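Q: The structure is given below, and queries will be raised subsequently.
The values are calculated or read from the model by the stated rules, or taken from the named source; none is laboratory data. Predicted model, so just to flag it, every value in this text is computed and none were measured. Neighbour counts run over all protein chains shown; Cβ positions are idealised from the backbone, glycine included.
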Amino acid sequence: MSETAPRKTIPIQDVNEASNCAGSEPYALMVLGDSMMPEFEEGEIIVVEPSGLVQDGSFVVAYVNDEYIFRQIVKKDDGWMLRPLNPLYENIPIASLDVAKGVVIMKKRPGKRSEQKRYV
């Protein structure tokens, strides 16, 4: 983790815990921090599909070490890992794809109608 910036987190509740949304409906999150730079900048909005197909190279919201994080899931010879795009952060080995709680299907910069990108 970067030594210069304090860690920013916002707790994510389980979807059915405090909302009227079904567990399979897409939801939006704001990117915090720089772990997914340069592809995802702080303040951008990502749209997450909870029932999306997780595959090698997918950007996912995952639940590991008692917290939700945003990473890219990558297949290695010895298994799977969650990879930050910023090399200042460490890869996280995972035992299975079950840690993925949703696949990023789109990003958008707030206030910029034309600045969006799809990921599926």
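Q: Across segment 83-106, what is the number of residues that are assigned to a strand (DSSP E or B) and either at pLDDT below 95 or closer than 11 Å to M36 by Cα (or both)?
A: Number of matching residues: 1.
Q: Among residues belonging to segment 98-113 that are in contact with a Lys or Arg (Cβ under 9 Å, 6 or more places away or on another chain) and among the charged types (D, E, K, R), point out the one that is surrounded by the fewest Cβ atoms within 10 Å (Cβ to Cβ).
A: K108
Q: Another question about this same structure. Residues being buried (at least 16 other Cβ atoms within 10 Å of the Cβ) and touching a Ser or Thr at 6+ places or on another chain (Cβ under 9 Å): count how many of those fall in segment 70-81.
A: Of the residues in that region, 5 qualify.
Q: Going through segment 41-69 one residue at a time, which ones are assigned to a strand (DSSP E or B), surrounded by 13 or more Cβ atoms within 10 Å (Cβ to Cβ) and among the acidic types (D, E)?
A: Hit for segment 41-69 is E49, nothing else.
Q: Looking only at segment 28-40, which residues are closer than 12 Å to V104 by Cα and buried (at least 16 other Cβ atoms within 10 Å of the Cβ)?
A: L29, V31, F40
Q: Please find, within segment 82-97, the residue that is surrounded by the fewest Cβ atoms within 10 Å (Cβ to Cβ) out of those that are more than 15 Å from G57 (Cα to Cα) and of a type in the set (A, V, I, L, M).
A: Looking at residues that are more than 15 Å from G57 (Cα to Cα) and of a type in the set (A, V, I, L, M), I get A95.
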